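Novice: Mind having a look at this structure? Questions to follow.
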Amino acid sequence: MSPAVMIAQDSPRRMSAGLAIDAVSHAFGPEPVLSGLSVTLPAAQVGCLIGPSGCGKSTLLAMIGGLLRPDQGRVAHPFARPAFVFQDPCLLPWRDARGNIAFGLNALPMSRTECSARADRLLGTVGLTAEDGEKYPRELSGGMRQRVALARALAIEPDLLLLDEPFSALDVGLRRQMQALVRRLIDARGLTTVLVTHDLAEAVRMADRIVVLSPRPAHVAAQHDIGMPRAARDDGFVQAEVGRLLADPATAEALAVEGLS
Amino acid sequence: MIPLRTRLAQALDYVWGGWGAAASLLLLVALWEAGHEAYGTLVLPSPRETFAMLWRMTLDGRVWPAVVETGRNALAGFLGGVLVGGLLGALAGLSDMMRRLLAPVSTLMLGIPAIAWVVLSLLWFGGSGLAVVFTVLVTSAPVVFASAAEGVRSLDGALQRMARAFRVPRRVLVWDVYLPHMLSYLFPAVATALALSWKVAVMTELLSGAGGIGDGLATARVQVDTVKAMAWILVVVALLLAVEYLLLEPLRRHVLGWRRELPGAETRDPQGI
Amino acid sequence: MKPPAAPRFGDIVLASAFRPFFLLVPLAAISAVLPLPVIWTGLVGSGTIGSAAWHAHEQVFGCLAAAMAGFLLTALPSWTGTPAVTGRPLAMLVTVWLAGRLAFWLDGVLPASLVALADLAFLPAVFGSALPALAKAGKRPIDLGLVVAGLLLANFWFHMTRLGALPGTPDVAVVLGLDLLLVAIALALGRILPVALGAALQEAGLRGPVRLSPGRRHFAAATLALFAAADTFAPASPVTGWIALAAACAQLDRIVELHRGAALRRPQVLLFYVAQAFMAAGLAGLGAAALGACFDPVGLRHLLGMGAASLTVVTVMSIVSLRHSGRAFPLPRAVWIGPLLIIAATLLRVAVPEIAPEAMPWLGVALPSALWAAGFLAWLVVFGPWLVTPRLDGKPG
């Protein structure tokens, strides 16, 4: 376990300054999406929203990021600078990788040289070379594009990282690689993170707190905390833990809709 | 930012690429010369005769005014066409009602051959420059319409959501997201329309006697002067090549540089996302 | 201890085709210009073949053909992994080539048919030796094989016109030979340039891949092949003129790929660059002449033969001698001497008839011949020792 996470968990003051979602309901037109949903997440922890597809996970994430206001209820957190990574990398095709990484910096008061220096640094952080930095998205592989999207999110030095199924378009090997990378970066920076996924094994590998959502309209079906430090979770632990979670009837029922593999 | 040295090197590489184009064109001239040797001057004057005639005509001051006149007409019609097609296309992209109203009309206009427009515009405007401008406008507008509509329609997508998520200022949204997106749709259509406008302008001039290069061609035909006719054709071709290689292609490289293809890269999709 | 050294020398020289042939190329180059000053300064009358045709034939089918044989019989086996021609068969090949040169020197003494027979044996022998590699090579070096076959036919034509068995003149046949050699150069450069440019980029401390587009190479070679055909069937026609101009442009188009900053200043790139520029200039001049400009076509042919072909050949010989004697880049600094002398000879040979035709015998023939001979001698002094000593890395060849 990295020291940052330990301190955060041990400090009650930091824990109180986390994310609080309080009795949130929302509807798109006549159709209710979220109904009375409440979740909390201490700062510097990784929360994982898992549930059947179309249950409103991404809607909730948009609310946390401030892109959407809930019809009822309250989303509160002290974070000023949320950053998103989407399932689709959403890179600007007309900017090279370096330009894409620096894109979010446009919102910050920063000089050009600072921007490009930071973009250069982040290329290395996510495991890309300076040469990759000059490539356009269409010249990058799927995994590299997602790395660029991750670097773009980290570039604005966010205090809240919102990951919307960022690995689900990648094949298994790449997904594991990216999970390990994100895990390392989160731990190193002590970033509060919300990860949306529909893969329970991924949730177990990444999260401190797993929030299982019910099918539409979504409410919290179950909640699990995982105490084991992230770096120490090996394949055996993940397998055992997935089994343990599925033994919980509420969790199993909420996720059964998808037919978990 | 790209350093000046790199830019200069790129510019040199581009200009140097002219040798390749020149080689291809010179082979065509060789074929032309062979045709001349086989069929004689009356059918196909030799390249050298034609170049000499072109030179004489230029010295006589006949070429430049004609180029200016054709250029003015073609450009006016082209700009009008881009404006009309672009605006109506944007409307159709913004509103589904307008799309339902305009799309079939645009398809119909696209299907009418340019020569039919020439006849109509001659009847309506007589042998004036206005006939040329109108014909060019009405043939180039539908070309721009479709891509403008598609560009505007696909503006509000994943990229916009991403840009909002990063809370970039409006200036950046317009400059870095909307503008390149629209250009990637509009540029190919506008380039096609520009190339088309020259050809249509010359054709209309030829049939209307409204002056310009087309008029010169018509006169050469009446006088059965093949050398002069070929010289005028050379003028048209030279203008087309100049517009393509000195204006459109450098612009294309600048604007659509991100589309550069790798060997074995996947087939292009207009959005790239 | 002396006696064992002699057979060992033979073994070394016959270990790979480039060794004996590259040793002989400078001698052939020099011997092909030896009679020129004597003839041009009017000291002695010309031989029976016509001095121009004799000289051109010896340069193209004597000197350049030997260089090509050395290159092909070394390079083709290493590209295709087929066994190389060495030892006794190689000695036979060299003997056949020497017989051809001897016959040409004794032309007038020997009957014309015997000269033809001796000279015509070499290229088929080269072709036959290259056949196993060509057969195995799949598509790629086949084009080079076709050019060798074309050269062979051109030489055959040369002798048949002289014997009166085929229409045409020896001059046209030898010009076809030179044109075909240019095609061969355009093709072979596609193989050599990546190596040369890669090494040059490294020496210049530049990064980035070697990008040489096959399209540009094929375009350059195809226009040259078209020019060779047009030049043979319609030598003075304006159609040929336009094709020559097109071929010139295609060569210029190609060398943009060598514009790589400091890498362009390395000898293994700059010498090819200059040779390509000479080729473009020669072709453009020939084209302009066919279209009515007042240039001396013979001078322009020298621009192609000396400036383009020989300069390329000397550079290729330098690189092949370096690599196949087990050495690594960079080339020694002395590599510049030979090419610079040859460039000076070329410029004089081409410029003097245009500027001062009356000074032709001394300034346009004798002095260039001397510079040319000095250039090849310089090459032999620099690279000769590598050809007669074993490979540095102990591998065969």
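The values are calculated or read from the model by the stated rules, or taken from the named source; none is laboratory data. Just so it is clear, the model here is predicted, and its values are computed rather than measured. Methodologically, a virtual Cβ is constructed for each residue, glycine included, from the backbone with ideal geometry; neighbour enumeration extends over all protein chains shown. Just the protein is used for accessible areas: all its heavy atoms, side chains included, with ligands, DNA and RNA removed. Shrake-Rupley method; radii C 1.70, N 1.55, O 1.52, S 1.80 Å.
Each row is one residue, and each column tells you yes or no for (1) among the charged types (D, E, K, R); (2) farther than 19 Å from C:Val298 by Cα; (3) modelled with pLDDT of 90 or more.
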| site | (1), (2), (3) |
| --- | --- |
| C:Asp143 | yes, yes, no |
| C:Ala165 | no, yes, no |
| C:Asp171 | yes, no, no |
| C:Leu178 | no, no, yes |
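Novice: While we're looking at this one, here's another question. Does the range A:141-160 contain any residue that is within 13 Å of another protein chain (Cβ to nearest Cβ) and farther than 25 Å from B:Pro169 by Cα?
Specialist: Yes, the conditions are met somewhere in the range A:141-160.
Novice: Now for a different question. Based on this model, can you work out whether B:Tyr39 counts as out of contact with any strand residue (DSSP E or B) (no Cβ under 7 Å at 6 or more places or on another chain), of a type in the set (Ser, Thr, Tyr) and at the interface with chain C (Cβ under 10 Å from one of its Cβ atoms)? Explain how you work it out, then say what you get.
Specialist: Details: out of contact with any strand residue (DSSP E or B) (no Cβ under 7 Å at 6 or more places or on another chain): yes; of a type in the set (Ser, Thr, Tyr): yes; at the interface with chain C (Cβ under 10 Å from one of its Cβ atoms): no.
In short, no.
Novice: Separate question: Kindly indicate whether any position in the range B:228-250 is more than 26 Å from the chain's Cα centre (by Cα), β-branched (Val, Ile, Thr) and either open to solvent by less than 50 Å² (accessible area, probe 1.4 Å) or away from every other protein chain (no Cβ under 14 Å) (or both).
Specialist: No.
Novice: Quick test of your reading of the structure: B:Ile273 fulfils all but one of (1) touching a helix residue (DSSP H, G or I) at 6+ places or on another chain (Cβ under 7 Å); (2) hydrophobic (A, V, I, L, M, F, W, C); (3) at pLDDT 70 or above. Name the failing condition by number.
Specialist: Here B:Ile273 clears every test but (3).
Novice: Only one of B:Ala21, B:Ala66 is at negative phi, within 9 Å of another protein chain (Cβ to nearest Cβ), at pLDDT below 95 and within 22 Å of the chain's Cα centre (by Cα); which?
Specialist: From the options B:Ala21, B:Ala66, the qualifying one is B:Ala21.
Novice: For the subset of the range A:207-234 comprising residues that are outside any loop (DSSP other than H, G, I, E, B) and over 17 Å from A:Thr40 (Cα atoms), which member is least open to solvent (accessible area, probe 1.4 Å)?
Specialist: The extreme case among them is A:Arg230.
Novice: A further question follows. Might you check whether a residue that is among the aliphatic types (A, V, I, L, M), within 25 Å of A:Ala83 (Cβ to Cβ) and away from every other protein chain (no Cβ under 11 Å) occurs anywhere in the range B:172-182?
Specialist: Taking every residue of the range B:172-182 in turn, at least one turns out to be among the aliphatic types (A, V, I, L, M), within 25 Å of A:Ala83 (Cβ to Cβ) and away from every other protein chain (no Cβ under 11 Å).
Novice: Another question, then. Determine if the range B:157-175 includes at least one residue that is surrounded by fewer than 20 Cβ atoms within 10 Å (Cβ to Cβ) and within 24 Å of the chain's Cα centre (by Cα).
Specialist: Scanning the range B:157-175 turns up no residue that is surrounded by fewer than 20 Cβ atoms within 10 Å (Cβ to Cβ) and within 24 Å of the chain's Cα centre (by Cα).
Novice: Continuing with the same structure: Which one is surrounded by the most Cβ atoms within 10 Å (Cβ to Cβ) among residues in the range C:258-300 that are facing chain B (nearest Cβ under 9 Å) and in a helix (DSSP H, G or I)?
Specialist: From the range C:258-300, those facing chain B (nearest Cβ under 9 Å) are C:259, C:261, C:280, C:287, C:291-292; that's our starting set.
Right, trim to in a helix (DSSP H, G or I) and you get C:261, C:280, C:287.
Working: C:Gly261: 14, C:Ala280: 24, C:Gly287: 26.
Result: C:Gly287.
Novice: Taking only the range A:93-124 into account, find how many residues are part of a loop (DSSP other than H, G, I, E, B) and at pLDDT below 85.
Specialist: Going through the range A:93-124 one residue at a time, the tally reaches 4.
Novice: Next up: Restricting attention to the range A:125-141, which residues are assigned to a helix (DSSP H, G or I) and open to solvent by less than 40 Å² (accessible area, probe 1.4 Å)?
Specialist: Start the filter on the range A:125-141 by keeping residues that are assigned to a helix (DSSP H, G or I), which leaves A:125, A:130-133, A:137-139.
Result: A:Asp132, A:Gly133, A:Pro137, A:Arg138, A:Glu139.
Novice: Just to be sure I understand, how many residues within the range A:62-75 are open to solvent by 20 Å² or more (accessible area, probe 1.4 Å) and away from every other protein chain (no Cβ under 11 Å)?
Specialist: Of the residues in that region, 7 qualify.
Novice: Any residue that is among the β-branched types (Val, Ile, Thr), assigned to a loop (DSSP other than H, G, I, E, B) and surrounded by fewer than 16 Cβ atoms within 10 Å (Cβ to Cβ) - is there at least one of those in the range B:88-111?
Specialist: no
Novice: Also, quick follow-up: What do you reckon, is C:Ile243 part of a helix (DSSP H, G or I) and at pLDDT below 95?
Specialist: no
Novice: Of the conditions (1) within 18 Å of the chain's Cα centre (by Cα); (2) open to solvent by less than 10 Å² (accessible area, probe 1.4 Å); (3) away from chain B (no Cβ under 13 Å), C:Leu347 fails just one. Which one is it?
Specialist: (2)
Novice: Also, I was wondering about something else. Would you confirm whether or not the range C:103-112 contains a residue that is of a type outside the set (A, V, I, L, M, F, W, C) and part of a helix (DSSP H, G or I)?
Specialist: So far as the range C:103-112 goes, no, none of its residues is of a type outside the set (A, V, I, L, M, F, W, C) and part of a helix (DSSP H, G or I).
Novice: Scan B:Ser208, B:Ser154 and give me the residue that is within 14 Å of chain A (Cβ to nearest Cβ), more than 21 Å from B:Leu248 (Cα to Cα) and touching a residue at least 40 places away in the same chain (Cβ under 8 Å).
Specialist: The conditions single out B:Ser154.
Novice: Could you check the range C:225-240 and list, in sequence order, the residues that are in a helix (DSSP H, G or I) and within 11 Å of chain B (Cβ to nearest Cβ)?
Specialist: Listed by number, the residues that qualify are C:Leu226, C:Phe227, C:Ala230, C:Pro238, C:Val239, C:Thr240.
Novice: Here's another thing I want to ask about it. Can you tell me which residue in the range A:12-32 is modelled with the lowest pLDDT, limited to those that are surrounded by 19 or more Cβ atoms within 10 Å (Cβ to Cβ) and within 27 Å of A:Val242 (Cβ to Cβ)? First the steps, then the outcome.
Specialist: Within the range A:12-32, the first condition is being surrounded by 19 or more Cβ atoms within 10 Å (Cβ to Cβ), and the residues that meet it are A:18-19, A:21, A:24, A:26.
The next check asks that each one be within 27 Å of A:Val242 (Cβ to Cβ); those that pass are A:18-19, A:21.
Values: A:Gly18: 84, A:Leu19: 89, A:Ile21: 88.
Only one residue tops the list, namely A:Gly18.
Novice: From the list C:Leu387, C:Leu303, C:Leu377, C:Leu367, pick out the single residue that is touching a residue at least 24 places away in the same chain (Cβ under 8 Å) and open to solvent by 30 Å² or more (accessible area, probe 1.4 Å).
Specialist: The conditions single out C:Leu377.
Novice: So, in the range A:76-88, exactly how many residues are more than 27 Å from A:Ala17 (Cβ to Cβ) and either more than 8 Å from chain B (Cβ to nearest Cβ) or open to solvent by less than 10 Å² (accessible area, probe 1.4 Å) (or both)?
Specialist: The first filter runs over the range A:76-88 and keeps only residues more than 27 Å from A:Ala17 (Cβ to Cβ), leaving A:87-88.
If we keep only those that are either more than 8 Å from chain B (Cβ to nearest Cβ) or open to solvent by less than 10 Å² (accessible area, probe 1.4 Å) (or both) as well, we get A:87.
Adding up the residues that qualify gives 1.
Novice: On the given criteria, is A:Pro93 surrounded by 22 or more Cβ atoms within 10 Å (Cβ to Cβ) and within 9 Å of another protein chain (Cβ to nearest Cβ)?
Specialist: Numbers: surrounded by 22 or more Cβ atoms within 10 Å (Cβ to Cβ): no; within 9 Å of another protein chain (Cβ to nearest Cβ): yes.
The answer is no for A:Pro93.
Novice: Restricting to the range C:325-357, name every residue that is over 29 Å from C:Val195 (Cβ atoms), hydrophobic (A, V, I, L, M, F, W, C) and part of a helix (DSSP H, G or I).
Specialist: Passing the criteria: C:Leu348, C:Val350, C:Ala351, C:Val352, C:Ile355.
Novice: Another question, then. Among the candidates C:Val195, C:Val147, C:Val183, which residue alone is surrounded by fewer than 16 Cβ atoms within 10 Å (Cβ to Cβ) and closer than 26 Å to C:Ala84 by Cα?
Specialist: C:Val195
Novice: Tell me the residue from B:Leu12, B:Leu28 that is more than 20 Å from the chain's Cα centre (by Cα), at pLDDT 95 or above and within 13 Å of another protein chain (Cβ to nearest Cβ), please. Break it down stepwise before answering.
Specialist: Working: B:Leu12 fails: at pLDDT 95 or above.
After ruling out the rest, the residue left standing is B:Leu28.
Novice: Still on this structure, please answer the following. Just to check your reading of the model, which residue among B:Phe145, B:Phe166, B:Phe134, B:Phe125 is within 14 Å of chain A (Cβ to nearest Cβ) and of a type outside the set (S, T, N, Q)?
Specialist: It is B:Phe166.
Novice: Still on this structure: Here's a check for you: in the range B:181-205, which residue that is touching a Leu at 6+ places or on another chain (Cβ under 7 Å) and not aliphatic (A, V, I, L, M) is nearest to B:Val243 (Cα to Cα)?
Specialist: B:Trp198
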